[in-house]
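For reference, the structure discussed in these notes is given below.
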Amino acid sequence: MPVIGLDNRKVVPHDTGMSKAHMAPLREEIMGKWSRRRGAPSLDDVAGNGLINRRALLGKGIAIAGAVGATGAATGAGAEPLIDAPWSLAFGEITPPLQTPSPFEKNVARALSNPNGEFRNSHARTPHQLLGGTVTPNSLHFSINHCGIPDIDPAQHKLVIHGMVRQPLEFTLETLSRYPLVSRMAFVECAGNSAGMFAKVPLQVPAGLIHGLVSNSEWTGVPLSTLLDEAGIDPTAKWLVAEGADGGFLDRSVPVKKAYDDALVAIYQNGERLMPGNGYPMRLLLPGYQGNMNVKFLRRIKVINQPAYSYFETKAYSQVLPGGKTWRFHFVMEVKSFITHPSFGLNLKEPGLYAISGVAYSGTGRISKVMVSADGGKSWGEAALQGPIHEKAFTRFVMPWRWDGQPAVLMSRAYDDGGNVQPLRAEFVAARGEAANPVTTPLAFPNQHYNSITSWAVDSEGGIKHVYV
Amino acid sequence: MSTYKPLAALAFALSFIAAPAFAQNAGLGKPISDADIKQWDIAILPDGTNLPPGSGTPAKGAKIFAEKCSACHGDSAKGGVTPFYPSLVGGQPLTNGIDTVKTIANYYAYATTIFDYTRRAMPYNMPRSLNDDEVYSLTAYILSLNKLIGDNDVMDAKTLPQVKMPNRDNFIMPYPDRL
């Protein structure tokens with residue numbers, strides 16, 4: 001039995017047993033001619049607390065007409081006479097060579113871990129709660145730099161492939177650009193993304209501070225397999241060590257298996273050269289694998305017969321389990337989703353129609369389904385997925401929702417085409433644990449590879465808090 | 001059909017010029033000798049592969065540390081003034097919790113990692129400025145502070161890989177199919 005949302009509850013109390021025939025004239029009053037259109041999608045709730053059938057989204061405004069009708073705005077009663085705005089009555093700015101966002105959008109910026117430029121690592125997190133769609137603008141792509149961002153002259157930069165190969169080879173940006181390039185969508189996610197959720201008490205910060213160490217781009221480059229084949233890789237080799245040209249020469253071991261699966265040496269990001277903080281002029285792209293392995297400023301690939309146990313694969317990017325053992329060579333960023341709208345900091349102004357929206361992704365394949373709940377997981381409805389759905393890339397999900405002004409808890413849960421399901425928090429904590437010590441900042445990394453569900457609690461004032469369910 | 005003729009011409013040209021190269025490979029990589037790669041060839045493997053000649057002792061390392069490392073890592077490597085430079089000595093048991101700080105003593109599986117990272121990345125403001133004897137000495141010093149080698153043990157390409165790190169056997173490979 002579906003729970004009835006705000007509009008219907010006002011019209012007909014849920015428990016009177018009145019038939020749909022009684023409701024019909026009132027629905028028609030609200031929705032006008034649209035309610036009579038043949039094949040019009042159902043406005044029935046698909047899950048508790050006002051979640052509306054996702055097919056309503058395909059109904060060319062039906063759900064929205066219903067919601068607006070309830071406020072009387074459909075009659076134009078609240079409107080004011082239109083006037084020409086000052087910007088329409090003047091000659092505007094001359095078109096610049098490189099455009100930047102409107103000054104009104106200046107708060108759409110990355111959150112920094114090291115805003116005062118101290119002599120240490122520096123992180124910048126994507127403000128997901130302020131973005132739409134699936135492509136992260138290059139200026140807002142997350143970036144982690146352990147030794148600062150190197151100032152690389154692309155004409156001087158070299159990439160060397162050597163080790164267990166027939167012929168060591170050197171490549172430049174110019175020579176790589178001559179290959180038939182391939183493009184693909186891919187998210188890159190730091191293994192420490194969402195690590196603040198290992199805290200026993202939910203952090204009260206925006207989605208971008210919790211989940212801002214994942215971003216999604218179209219990457220263009222040369223398949224690594226092409227370059228390895230050109231050098232003539234020894235068929236017995238099982239590992240590569242990939243190394244950057246940053247101060248510190250960050251390096252990671254990568255299975256040859258992944259290199260021949262879908263690895264790229266990327267030289268474009270969303271159509272332009274890589275941003276310096278994202279690896280200019282070339283980076284390794286290992287779709288679905290933890291961000292740190294996608295070595296930036298790529299200068300060297302050595303084919304070897306054993307993993308190198310470099311500093312970063314040794315110390316930072318692996319996870320200690322309850323009991324003290326550690327997972328090694330986990331690599332894959334597992335199926336995950338989070339709601340960006342509404343979320344912490346985006347309070348609801350009034351009851352009515354909203355779209356619950358967010359991103360879902362999986363390091364093993366394509367998103368097959370996202371379920372959304374508005375009642376803290378008691379009931380779930382299937383969200384609409386915005387296509388095309390790429391593997392190992394963001395998929396945006398949308399679920400229309402009528403907020404009735406009562407408390408609600410919004411959650412999303414992603415499924416991928418490999419049969420993997422985003423774990424409930426209780427399941428996740430049982431398997432992977434939570435921090436023993438208090439976590440006082442979202443910038444901390446109590447552990448790695450967090451992929452459980454994020455829950456946003458809406459109070460009766462429309463305020464939003466981060467909660468655990 | 002305006003594009004037909006140029007494409008046909010291109011295909012014709014490729015069939016004579018580029019195709020033989022592509023049949024084997026693109027031929028765009030420029031051959032380079034191992035000797036010319038030497039300066040970059042710095043990854044040390046856990047079995048000691050690629051460790052350079054040279055050696056060092058904890059005593060020599062202590063002097064270098066005081067001069068080049070303690071500004072960040074603190075006296076005797078006990079930790080710097082900010083949490084970003086934690087102690088390089090000791091560590092809590094990992095059974096204390098999943099958020100236990102991972103250290104050389106409680107976590108590292110191989111001593112070669114200390115040598116490799118020190119040589120490639122330290123000091124933070126002057127990477128690759130230490131010579132190999134200095135790196136062996138600093139590695140020996142850190143290992144001795146953690147009681148993982150004796151105070152007079154010499155670290156070199158032969159001895160370093162033999163240092164048994166306490167946590168080496170506490171790793172699980174959940175997904176061997178990915179390797």
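Read-outs: derived from the displayed coordinates by stated rules, not from any lab. The structure displayed is predicted, hence computed values, not measured ones. Because the Cβ atoms are built from the backbone with ideal geometry, glycine has one as well, and the counts that use them run over all protein chains shown.
Side notes on the structure shown:
- In the protein assembly as shown, a dipole from Cβ-located charges (positive for Lys and Arg, negative for Asp and Glu) runs towards its positive end, and of B:G79, A:N114, A:S362 it is A:S362 whose Cα lies farthest in that direction.
- Largest to smallest principal axis extent of the C-alpha atoms in the range B:123-179, angstrom: 40, 29, 20
- Convex hull volume per residue for the range A:339-380, taking Cα atoms only, in Å³: 101 Å³
- Sites A:A316 and B:A59, calculated FRET efficiency, Cβ-Cβ separation with R0 51 Å, nearest 0.05: 0.95
- The Stokes-Einstein estimate for the protein assembly as shown, based on a Kirkwood radius over Cα pairs and taken at 10 °C with 1.306 mPa s viscosity, is a diffusion coefficient of 58 µm²/s.
- When A:W219, A:W87 are arranged by Cβ crowding within 10 Å, least crowded first, meaning fewest neighbours, the order is A:W87, A:W219.
- The residues neighbouring B:L143, those whose beta-carbon lies less than 12 Å from its own, together hold a net charge of 0 under the Lys/Arg +1, Asp/Glu -1 convention.
- Relative contact order for chain A, counting Cα pairs under 8 Å that sit 6 or more residues apart, in percent: 18 percent
- Distance between the 7 Å Cα→Cβ label points at B:K38 and B:A71: 3.1 nm.
- From phi via Karplus (6.51, -1.76, 1.60), per-residue ³J(HN,Hα) for the range B:159-172 in Hz, x at Gly/Pro: 7, 4, x, 7, 5, 8, 7, x, 9, 4, 8, 9, 10, 10
- Placing unit charges on the Cβ atoms only, positive for Lys and Arg and negative for Asp and Glu, gives the range A:160-311 a dipole magnitude near 260 debye about its Cα centre.
- Hits among lysines - C-alpha to C-alpha of A:K349 under 18 Å, sequence gap 8 or more where chains match: A:K465
- Charge dipole (chain A, unit charges on Cβ, about Cα centre) - positive-most of A:P127, A:P137, A:M399: A:M399
- Averaged over the residues of peptide B:45-56, the number of Cβ atoms from other protein chains lying within 10 Å of each residue's Cβ is 2.
- Proximal aspartates and glutamates relative to A:K325, as straight alpha-carbon distance under 13 Å, when same-chain residues fewer than 8 apart are discounted: B:D99, B:D169
- Between the Cα long axis of helix B:4-16 and the first principal axis of chain B there is an angle of about 70°, rounded to the nearest 10.
- Across the range A:398-405, computed HN-Hα scalar couplings (Karplus, 6.51 cos²θ - 1.76 cosθ + 1.60, θ = phi - 60°) run 9, 9, x, 8, 9, 8, 9, x Hz from first to last residue, x flagging Gly and Pro.
- Panel order for B:L179, A:L250, by other beta carbons found within 10 Å of each beta carbon, from fewest to most: B:L179, A:L250.
- In terms of packing, defined here as the mean over residues of other Cβ atoms within 10 angstrom, the peptides A:138-147, A:203-212, A:178-187 line up highest first as A:203-212, A:138-147, A:178-187.
- Counting, for every residue in A:169-179, the Cβ atoms of other protein chains within 10 Å of its Cβ and taking the mean gives 3.
- Cα-centre dipole for the range B:36-170 with unit charges at Cβ (Lys and Arg positive, Asp and Glu negative), debye to 20: 180 debye
- Restricting the calculation to Cα atoms, the range A:329-447 shows an Rg/Rh of 0.99 when the hydrodynamic-style radius is the Kirkwood one.
- Backbone N under 17 Å from the A:A436 label point (7 Å along Cα→Cβ), restricted to the range B:89-130: B:90-108
- Taking every residue in A:310-319 and counting other chain Cβ atoms within 10 Å of its Cβ, the average works out to 5.
- Stokes-Einstein translational diffusion, the range A:97-174 - Kirkwood Rh over all Cα pairs, 1.567 mPa s, 4 °C, in µm²/s: 80 µm²/s
- D_trans [Stokes-Einstein, Kirkwood Rh over alpha-carbon pairs] for the range B:34-90, 37 °C, 0.692 mPa s, µm² s⁻¹: 239 µm²/s
- A Förster radius of 41 Å, combined with the Cβ-Cβ distance separating A:D234 from A:L112, puts the computed FRET efficiency at roughly 0.40.
- Cα-centre dipole for chain A with unit charges at Cβ (Lys and Arg positive, Asp and Glu negative), debye to 20: 780 debye
- Share of pairwise Cα-Cα distances greater than 26 Å in the range B:36-170 is 19 percent (whole percent).
- Calculated over the range A:132-209, the projected area of the Cα convex hull averaged across directions stands at 9.5 nm².
- A full extension of the chain between A:E80 and A:S183 corresponds to an added length of 32.2 nm, given 0.36 nm per residue minus the alpha carbon distance.
- Given charges at Cβ of Lys, Arg, Asp, Glu: the protein assembly as shown dipole, positive-most of A:G376, B:N25, B:Y107: A:G376
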